[in-house]
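The values are calculated or read from the model by the stated rules, or taken from the named source; none is laboratory data. Fair warning: this is a prediction, and the values are worked out from it, not measured in the lab. Glycine gets a Cβ as well: all are built from the backbone with ideal geometry, and neighbour counts include every protein chain shown. Remember, those area values only see protein heavy atoms, side chains included, never the ligands or the DNA or RNA. Shrake-Rupley method; radii C 1.70, N 1.55, O 1.52, S 1.80 Å.
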Amino acid sequence: TQTVSLCQSCFGYPVSIFFIVINEFCERFSYYGMRAILILYFQSFLHWNDNLSTAIYHTFVALCYLTPILGALIADSWLGKFKTIVSLSIVYTIGQVVIAVSSINDLVDFNHDGNPDNISVHVALSMVGLALIALGTGGIKPCVSAFGGDQFEKGQEKQRNRFFSIFYLAINAGSLLSTIITPMLRVQECGIHSKKACYPLAFGVPAALMAVSLIVFVIGSGMYKKVQPQGNVMAKVARCIGFAIKNRVRHRSKKFPKREHWLDWANEKYDEQLISQIKMVTRVMFLYIPLPMFWALFDQQGSRWTLQATTMNGKIVSSNSSSPLPLQTVNAILIVILVPIMDAVVYPLIAKCGFNFTSLKKMTVGMFLASMAFVAAAIVQVEIEKTLPVFPKGNEVQIKVLNIGNDSMNIYFPGKTEILNPMHQTSDFMTFSADKLTSINISSTGSPPTPVKDFEQGHRHILLVWAPNKYQVVKDGLKQKPENGKNGIRFVNTLAESFSVTMGEEIYENVTSHNASEYHFFSSGRKSFTINSSEIAQHCGNEFETSYLGFGSAYTYVITRKDNGCLEPIVVEDISPNTVSMALQIPQYFLLTCGEVVFSVTGLEFSYSQAPSNMKSVLQAGWLLTVAAGNFIVLIVAGAGSFSEQWAEYVLFAGLLLVVSVIFAIMARFYTYVSPAEIEAQFDTDEKKKYPEESNPYPKLDSDLQTQL
């Protein structure tokens, strides 16, 4: 170990850690800022469909959590943590610059028409950029936290514990700011020959922050305590484990005495210090086995919980709010608040009460809180499903009838008859079994009934009628609530000629007579629209405004003519807006974030404190791999189980984590905390000295130090 002699300190902490914390803040800003707009870049710039965009996005995220093991091996076996962080940060910065360049619309737009002439160039550059970013961010992940832990001396366990809390705070502060700022930068317009969404700026700012992160880290170089790598540690570990297993198999006969630990069968070839270090790592890795289940629930914030939010009313702040509160930022906001509260208030208070709240106990509580968060999510989902519209199943047909004529119409359904006055509709969509619905008959007074049969199974339909033998069946394109809380609007033309409608950037072209347009989707608020038709008299206006659009609704605007000859839009509600407030999600976010604070922050510190000096980055990488494993669990459970009700899936995940937390608590009960530094110091004083057979090579810590851990 090369120790830099420093007399400077700030509040009892090494000055060097402040460079590391600033470095982490800038790096996380860079990563999450880029990721916040990545899928939009795929869809709107590269023009990929939803499935391809989602597949590439999740592949990239998975790579970011698989590459930490590579960075850890390079750090602990070859370059050391400092050089690994610097080298891979350079790769990382280049990757961010490459993806920023790939988003420049004018790069290959030689004819200046606003569209790239060769989209393959942009695709190739973006894939190269993402590959470099995945290697860079994943490679430095396990090194930065471990490098920060290296800065503390023996006896600074309390300061080191608090450092990991500050470190986690920096991660979430960077994430919070970037996920707010970069989408704002994206919606700006920029370009040389044509003005488009400003992806170069939105990607360029994270690239600049990554460069700042690298510069800040290098500036602190002279202050760092740097632990030199000790050769190819992982190769030694693999050979030692392989020899122990092979030797145990060769000596499985009862005539050979048993040994205390299966790794002790490597004593004939490998020194006791290496065997002791491997024992530390394997015992911690064994504790990691249940941990992916926590991340399986935690990472559903960005998937299942986001989808849940789209079926809710986003007006949280005030009744005049026109956009939903981005609840994805709630987690980061709560962490910024809760980390210092836990560290400065809750943990000291628990310690004063005499409760030995060790690291593994904290992690168990965190898992329990995450389980309860999903119970809360299930309760909210039950309330949501009470308000959701019913859509037809595969063998069902749903029909709503709208009379757009001037006379009353008789509608004969199987088992019931309704009389519709002009410009009136049936109360709601009616559901019929397709095999029992032979036809619907329409007629007016004194006219024979006309059968209508053009209905497709598994779809909603609106039946437009305006005379006994004149009708139009319009298949509704909606099979679920509009996505992302948007509102669907379509127009019905009751005039004799076609018209077009312009609403914002959307254009409804050529809406033919006695027919309906397709739905276009809009965010909440009031929207203005213009009707363009040759039938509009000069003294009449052609500009109108919608009623207030909430979240997740759908409307049909029937364009008819008033007595004075001017046009008049009549609103028909197809799907009611969401009524369950998104504020009901806050308790589940609060519970999950509390669980994350006591689980994740503690897990980082525990992984560092229980790892031998030459394998700290490797154990940090193992901790990060549990995140990747958690995502696979989501895919397996969600794919294997066919849930007709979403709340049932939430309950399943809550139950699984509750069972896993009990198993983890039992495993933790039998874990003995060790001090790797003390064990290694004993070996260093006398390398030839061996532990007596009856002694325990893992001395128990005193109660005060165990509480700190």
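Which one is farthest from the chain's Cα centre (by Cα) among residues in the stretch 99-121 that are crowded, with 22+ Cβ neighbours inside 10 Å and assigned to a helix (DSSP H, G or I)? I'd like the intermediate steps shown before the answer.
First pass over the stretch 99-121, keeping only residues crowded, with 22+ Cβ neighbours inside 10 Å: 99-100, 102-103, 105.
Next, only the ones that are assigned to a helix (DSSP H, G or I) stay: 99-100, 102, 105.
Working: Ile99: 21, Ala100: 22, Ser102: 24, Asn105: 28 Å.
Applying the filter and picking the extreme gives Asn105.
Does any residue of the stretch 590-608 turn out to be open to solvent by 40 Å² or more (accessible area, probe 1.4 Å) and touching a strand residue (DSSP E or B) at 6+ places or on another chain (Cβ under 9 Å)? Even if it seems obvious, please write down each step before you answer.
Residues of the stretch 590-608 open to solvent by 40 Å² or more (accessible area, probe 1.4 Å): 590-591.
Subset that is touching a strand residue (DSSP E or B) at 6+ places or on another chain (Cβ under 9 Å): none.
For the stretch 590-608, residues open to solvent by 40 Å² or more (accessible area, probe 1.4 Å) and touching a strand residue (DSSP E or B) at 6+ places or on another chain (Cβ under 9 Å): absent.
Residues checked against (1) within 24 Å of Ile166 (Cα to Cα); (2) assigned to a helix (DSSP H, G or I); (3) aliphatic (A, V, I, L, M); (4) in contact with a Ser or Thr (Cβ under 8 Å, 6 or more places away or on another chain):
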residue: Cys26; (1), (2), (3), (4): yes, yes, no, yes
residue: Ser30; (1), (2), (3), (4): yes, yes, no, yes
residue: Gly33; (1), (2), (3), (4): yes, yes, no, yes
residue: Ile39; (1), (2), (3), (4): no, yes, yes, yes
residue: Phe42; (1), (2), (3), (4): no, yes, no, yes
residue: Trp48; (1), (2), (3), (4): no, no, no, no
residue: Ile56; (1), (2), (3), (4): no, yes, yes, no
residue: Thr59; (1), (2), (3), (4): no, yes, no, no
residue: Tyr65; (1), (2), (3), (4): yes, yes, no, no
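Restricting attention to the stretch 303-340, and to residues there that are at pLDDT below 60 and surrounded by fewer than 16 Cβ atoms within 10 Å (Cβ to Cβ), which single residue is nearest to Gly485 (Cα to Cα)?
Ser323
Given the conditions (1) of a type outside the set (Phe, Trp, Tyr); (2) open to solvent by less than 40 Å² (accessible area, probe 1.4 Å); (3) assigned by the TED database to the domain that holds Ser600, report the number of the one that Gly354 does not fulfil.
Single failed check for Gly354: (2).
Looking at the stretch 77-96, is at least one residue open to solvent by less than 20 Å² (accessible area, probe 1.4 Å) and either charged (D, E, K, R) or in a loop (DSSP other than H, G, I, E, B) (or both)?
yes
So which residues in the stretch 492-534 are out of contact with any strand residue (DSSP E or B) (no Cβ under 9 Å at 6 or more places or on another chain) and either among the hydrophobic types (A, V, I, L, M, F, W, C) or outside the structural domain of Val558 (by the TED database) (or both)?
If the condition is that a residue be out of contact with any strand residue (DSSP E or B) (no Cβ under 9 Å at 6 or more places or on another chain) and either among the hydrophobic types (A, V, I, L, M, F, W, C) or outside the structural domain of Val558 (by the TED database) (or both), then Ala496 is the only one that fits.
Residues to consider are Thr450, Thr417, Thr445; find the one that is in contact with a Lys or Arg (Cβ under 9 Å, 6 or more places away or on another chain) and either under 17 Å from Val558 (Cβ atoms) or not aliphatic (A, V, I, L, M) (or both).
Every option except Thr450 fails the conditions.
Quick check on this structure: which one of Lys246, Lys255, Lys225, Lys236 is surrounded by fewer than 19 Cβ atoms within 10 Å (Cβ to Cβ) and touching an Asp or Glu at 6+ places or on another chain (Cβ under 7 Å)?
Details: Lys246 fails: touching an Asp or Glu at 6+ places or on another chain (Cβ under 7 Å); Lys255 fails: touching an Asp or Glu at 6+ places or on another chain (Cβ under 7 Å); Lys236 fails: touching an Asp or Glu at 6+ places or on another chain (Cβ under 7 Å).
Every option except Lys225 fails the conditions.
Condition check: modelled with pLDDT of 90 or more and either over 27 Å from Cys198 (Cβ atoms) or in the same structural domain as Met127 (by the TED database) (or both). Does Ser53 satisfy that?
no
Please tell me if Asn161 is assigned to a loop (DSSP other than H, G, I, E, B) and out of contact with any Cys (no Cβ under 8 Å at 6 or more places or on another chain).
Here the answer is no, as Asn161 does not meet what is asked.
Of the residues that sit in the stretch 408-418 and are outside any strand (DSSP E or B) and modelled with pLDDT under 90, which one is most open to solvent (accessible area, probe 1.4 Å)?
The selected residue is Gly415.
Note down all Cβ pairs under 8 Å where the first residue falls in the stretch 46-71 and is under 13 Å from Ala131 (Cα atoms), the second is assigned to a loop (DSSP other than H, G, I, E, B) and modelled with pLDDT of 80 or more, and they're at least six residues apart or on different chains.
Ile56/Trp48
Please go through the stretch 419-446 and give me each residue that is part of a loop (DSSP other than H, G, I, E, B) and open to solvent by less than 30 Å² (accessible area, probe 1.4 Å), ordered by number. Even if it seems obvious, please write down each step before you answer.
Of the stretch 419-446, the ones part of a loop (DSSP other than H, G, I, E, B) are 421-423, 426-429, 434-439, 444-446.
Once the filter is applied, which keeps residues that are part of a loop (DSSP other than H, G, I, E, B) and open to solvent by less than 30 Å² (accessible area, probe 1.4 Å), the stretch 419-446 yields Thr426, Phe429, Ala434, Leu437, Ser439, Ser444.
Each row is one residue, and each column tells you yes or no for (1) at pLDDT 90 or above; (2) assigned to a helix (DSSP H, G or I); (3) hydroxyl-bearing (Ser, Thr, Tyr).
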{"residue": "Phe243", "(1), (2), (3)": "yes, yes, no"}
{"residue": "Ser253", "(1), (2), (3)": "no, no, yes"}
{"residue": "Ser276", "(1), (2), (3)": "no, yes, yes"}
{"residue": "Leu287", "(1), (2), (3)": "yes, yes, no"}
{"residue": "Gln301", "(1), (2), (3)": "no, yes, no"}
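Does Ile219 fit the bill of being among the hydrophobic types (A, V, I, L, M, F, W, C), outside any loop (DSSP other than H, G, I, E, B), closer than 27 Å to Arg35 by Cα and not assigned by the TED database to the domain that holds Met342?
no
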